[in-house]
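First comes the structure, then the notes that go with it.
All of the numbers you see were taken from the coordinates with simple rules; none came from a lab. Computed from a predicted model, the values in this text were never measured in an experiment. Every residue, glycine among them, receives a Cβ derived from its backbone with ideal geometry; neighbour counts consider all protein chains shown.
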Amino acid sequence: MKAKNYREVKGQSYTRKKYAKSAPPSKIVKFTMGDTETEFPIKAELIALESAQIRHNALEAARIASNRHLSTNLGEAYFLKILPYPHVILRENKMIFGAHADRLQDGMRRAFGKPIGTAARVKVQQPIIEVGVNETAIETAKQALKRGGAKLPIPCRITIEKRKSNP
């Protein structure tokens with residue numbers, strides 16, 4: 001099984017866990033990290049440049065890479081949030097190759113497949129990871145998002161914007 005087989009968005013999404021016999025749980029441990037109470041003045045986002053499906057283990061790897069860089073350099077003075085949720089259930093029709101494999105499988109007959117994981121469908125210009133930091137930590141936030149974006153199967157760009165302060 002290769003991850004690139006599931007990157008392309010094709011067909012209707014299969015999301016109803018009511019009908020999936022055993023939908024695998026998402027590997028994403030936490031969606032928000034850092035200081036969730038503070039409103040930080042700078043917001044950095046990792047934005048998708050292509051539409052794709054991102055597997056749950058790729059989102060978790062991006063979260064770990066970004067969070068590790070932020071926590072080692074900033075302590076608790078940041079806020080990180082993973083925005084897409086992996087709803088789409090991915091299926092695979094397992095095939096056995098080699099000698100005498102014809103007696104162990106049915107090929108494409110009733111080839112619905114078994115659930116193997118979940119994925120989030122991401123559209124163009126949709127934010128994937130959001131980071132809130134102070135003005136002194138903009139470069140650290142950029143570096144953290146760059147490390148997180150390297151774990152994802154699509155090209156991404158980083159945007160920085162200043163939030164309006166409440167008087």
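When Rg and Dmax of the Cα atoms in Å is computed from the coordinates, the matching label among [x] 19.3, 75; [y] 14.7, 44; [z] 16.5, 55 is [x]. The phi-based Karplus calculation (6.51 cos²θ - 1.76 cosθ + 1.60; θ = phi - 60°) puts the 3J(HN,Hα) values of the range 150-159 at 5, 8, 9, x, 10, x, 9, 10, 10, 10 Hz, whole numbers, x for Gly and Pro. Report note on the peptides 150-160, 61-71: ranked by the mean count of other C-beta atoms within 10 Å, highest first, their order is 61-71, 150-160.
What translational D, rounded to a whole number of µm²/s, comes out for the range 1-60 from Stokes-Einstein when the hydrodynamic radius is the Kirkwood one over Cα pairs, at 37 °C and 0.692 mPa s? Walk me through the intermediate numbers first.
Values: Rh = 15.1 Å.
In µm²/s, the coefficient rounds to 218.
For Arg91, the residues whose modelled amide H falls within less than 5 Å of its own, excluding neighbours fewer than 5 places apart on the same chain, are Ile116. May I have the count of lysine pairs in the range 6-149 with C-alpha atoms under 19 Å apart, counting pairs 8 or more residues apart or located on different chains? Close lysine pairs found across the range 6-149: 17.
Each other residue within a Cβ distance under 13 Å of Val133 adds +1 if Lys or Arg and -1 if Asp or Glu, for a net charge of -3.
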